[in-house]
Structure formats: C-alpha cells, structure tokens
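Just so it is clear, none of the values below were taken in a lab; they were calculated from the coordinates. The shown structure was predicted, so the numbers you read here are calculated from the model rather than taken from an experiment. For neighbour counting, all protein chains shown are included, and Cβ atoms are generated from backbone atoms with ideal geometry for every residue, glycine included.
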Amino acid sequence: MNVIETSLTGVLILEPKVFGDDRGIFFESYNKKALEKVGVTAEFVQDNHSRSVRNVLRGLHYQIKQPQGKLVRVIQGEVFDVAVDIRKSSPNFGHWEGVTLTAENKRMLWISPGFAHGFLVLSEAAEFIYKTTDYWVPEHERCIVWNDPDLAINWPLSGGPILSDKDKLGHTLKSAELYP
C-alpha cells in the first residue's frame, strides 16, 4: 500500500496495490496489518454504503460524542471528499483537505476521529462506502455548513449543491459544538 500524507495530521490517502490482467483486477480494500504498519490502529465496528447522484453534497458531519474515524472509498463514480480539522487544540484547527476519490483510482482516505467529513458527487452517480470506528448515534451527530466562509472549501461545483434538509441547517465553525 502506498501512503500519501496530507497537510492534516490524522488524514492519510491510501493507495492499494492493484493487480490486474486480462481477467480483471484484484486488490485488498482492507487489511488490518497493513493499516497498522502505517499507524492506523483503529477497530472498525460499522460499514456504511451510500449512493448519490451528481451534485449531492453530504456533510460536513461528525459526532460530538463517540467520534468516528472513517476509512472511505468510492466503488462507483467520482467524489470530492473533504476532511476538516475541528479539534480546537490542534495546530491545524479549521484547516481542510480535499481529495478526489474514484472507482478507477481506488484511493481510500483515512480520517481520524476529530474531523468533520463530507463529500460532493462529481460523476452522474457515485457509490461510497466507509468503515467507522464507532457506531452512528443520531443524538450526537452534528453538521458544519458546507459553505462556511471561514473554511472557504473550494468545492468543485457545477451549479448549486443538492443538500438534505439537515445539511442545510448546519452550523458555522464559529457557532458549532467542537472537540477540545
């Protein structure tokens, strides 16, 4: 596995070794020992799978209690995936990292607990799967609004995003409940 460090400590781009021939391809999408070698020692407890159409923007989500680390990847289509450091004690507080994940590039993104996470679908449709280190707890879920001017995330939008009602009501970083 090739590991690419990002500008944010706790967020890694992971590129699996893909083996292919005239029959197709094979790669390990999860290998606990390989992840531990690069410092990801998380225990995953839940797998999630979503399908969305072009311009759907989900996020920026996090859980204020029972924070989730996430190992995310795309199995169909293309997304622009974003992690925002929302740990007030972090030297990177309020900084974000954006990565294009596609079914073709097979890249995965490891996002440690302490980050808000969201993605924008760039293709006609995308299927997105992710492992989490803790269970989804609706009463602990929070959302930072996707277009917070203080974050100034450079979403590669073509037109306006399609948002859930919940995501439309997201807070700004300044007004959100955050990690210490």
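Scanning for something surrounded by fewer than 15 Cβ atoms within 10 Å (Cβ to Cβ), of a type in the set (Gly, Ala, Ser), out of contact with any helix residue (DSSP H, G or I) (no Cβ under 8 Å at 6 or more places or on another chain) and closer than 14 Å to residue 86 by Cβ, does region 163-174 turn up at least one residue?
Step one: list which residues in region 163-174 are surrounded by fewer than 15 Cβ atoms within 10 Å (Cβ to Cβ), which gives 164-166, 168-169, 172, 174.
Add one more test, that the residue is of a type in the set (Gly, Ala, Ser), and what stays is 164.
Now narrow it down to the ones that are out of contact with any helix residue (DSSP H, G or I) (no Cβ under 8 Å at 6 or more places or on another chain): 164.
Among the residues that remain, those that are also closer than 14 Å to residue 86 by Cβ are: none.
Checked region 163-174: no residue is surrounded by fewer than 15 Cβ atoms within 10 Å (Cβ to Cβ), of a type in the set (Gly, Ala, Ser), out of contact with any helix residue (DSSP H, G or I) (no Cβ under 8 Å at 6 or more places or on another chain) and closer than 14 Å to residue 86 by Cβ.
What is the one condition in (1) touching a residue at least 24 places away in the same chain (Cβ under 8 Å); (2) farther than 16 Å from residue 81 by Cβ; (3) of a type in the set (Gly, Ala, Ser) that residue 24 does not satisfy?
(1)
Is it the case, given these coordinates, that residue 67 is assigned to a loop (DSSP other than H, G, I, E, B), free of Cβ contacts under 8 Å to residues at least 12 places away in the same chain, of a type outside the set (D, E, K, R) and on the phi < 0 side of the Ramachandran plot?
Details: assigned to a loop (DSSP other than H, G, I, E, B): yes; free of Cβ contacts under 8 Å to residues at least 12 places away in the same chain: no; of a type outside the set (D, E, K, R): yes; on the phi < 0 side of the Ramachandran plot: yes.
Against the criterion (assigned to a loop (DSSP other than H, G, I, E, B), free of Cβ contacts under 8 Å to residues at least 12 places away in the same chain, of a type outside the set (D, E, K, R) and on the phi < 0 side of the Ramachandran plot), residue 67 does not qualify.
Could you please find all residues in region 1-54 being surrounded by 11 or more Cβ atoms within 10 Å (Cβ to Cβ), among the small types (Gly, Ala, Ser) and either within 18 Å of residue 100 (Cα to Cα) or out of contact with any Ser or Thr (no Cβ under 8 Å at 6 or more places or on another chain) (or both)?
The answer is 10, 29, 34, 39, 50, 52.
Which residues, taken from region 99-121, are more than 19 Å from residue 176 (Cβ to Cβ) and small (Gly, Ala, Ser)?
The one that is more than 19 Å from residue 176 (Cβ to Cβ) and small (Gly, Ala, Ser): 103.
In region 138-150, how many residues are closer than 21 Å to residue 67 by Cα, part of a loop (DSSP other than H, G, I, E, B) and out of contact with any strand residue (DSSP E or B) (no Cβ under 6 Å at 6 or more places or on another chain)? Break it down stepwise before answering.
Kept after step one, since they are closer than 21 Å to residue 67 by Cα, are these residues of region 138-150: 138-146.
In the following step, the residues that additionally are part of a loop (DSSP other than H, G, I, E, B) were identified as 145-146.
Okay, now just the ones that are also out of contact with any strand residue (DSSP E or B) (no Cβ under 6 Å at 6 or more places or on another chain), so 145.
Total meeting the criteria: 1.
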